[in-house]
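Student: Got a structure for you, questions after.
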Amino acid sequence: MIAQHPDRDQILLENVLAALGNPLRLRIVGVLADGGEHSCGSILDDISKSTLTHHWRVLRDSGVIWQRPHGRENLLSLRRDDLEARFPGLLASVCGALTDR
């Protein structure tokens, strides 16, 4: 299955904010904030696979993350450039607030 990612101009602020409004998804963004790609199974160990699958879909469909197949896994990364182009400073503010916690 090929994941559906919105084009840059289709990323809507209300969808991004709704996706980031969940504490678990914020934890995921915090892990991905290092700028690298992470396999789905390496991000959070204490959450069931079905729950994580739901959260990957919300983050992907809102335009917050890229999800790409790699062998038997999917790799995840933040869509930094796209989010910065659409909403300058938003992701930096979110990641800064996560660091300050």
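Student: Does D34 count as acidic (D, E), farther than 11 Å from S77 by Cα, without any contact (Cβ under 8 Å) to a residue 12 or more places away in the chain and assigned to a loop (DSSP other than H, G, I, E, B)?
Tutor: no
Student: Could you list, in sequence order, the residues of the stretch 80-92 that are open to solvent by 80 Å² or more (accessible area, probe 1.4 Å) and free of Cβ contacts under 8 Å to residues at least 60 places away in the same chain?
Tutor: Result: R80, D81, E84, P88.
Student: Run down D45, D82 and say which single residue is within 19 Å of A19 (Cα to Cα) and of a type in the set (D, E).
Tutor: D82
Student: Would you please name the residue that is least open to solvent (accessible area, probe 1.4 Å), looking only at residues in the stretch 42-79 that are touching a Cys at 6+ places or on another chain (Cβ under 7 Å) and in contact (Cβ under 8 Å) with a residue 40 or more places away in the chain?
Tutor: Ranking the candidates gives L76 first.
Student: Among the listed residues A19, A97, A92, identify the single one that is in contact with a Ser or Thr (Cβ under 6 Å, 6 or more places away or on another chain) and in a helix (DSSP H, G or I).
Tutor: Sole residue among the options that is in contact with a Ser or Thr (Cβ under 6 Å, 6 or more places away or on another chain) and in a helix (DSSP H, G or I): A19.
Student: All but one of (1) at pLDDT 85 or above; (2) part of a loop (DSSP other than H, G, I, E, B) hold for P69, so report the exception by its number.
Tutor: It fails just one condition, (2).
The values are calculated or read from the model by the stated rules, or taken from the named source; none is laboratory data. Bear in mind the structure is a predicted one, so any value in this text is a computation, not a measurement. Using ideal geometry, Cβ is built from the backbone for each residue, glycine included, and neighbour counts are taken over all protein chains shown. We work out accessible area using only protein heavy atoms, side chains counted, and drop any ligands, DNA or RNA first. Shrake-Rupley method; radii C 1.70, N 1.55, O 1.52, S 1.80 Å.
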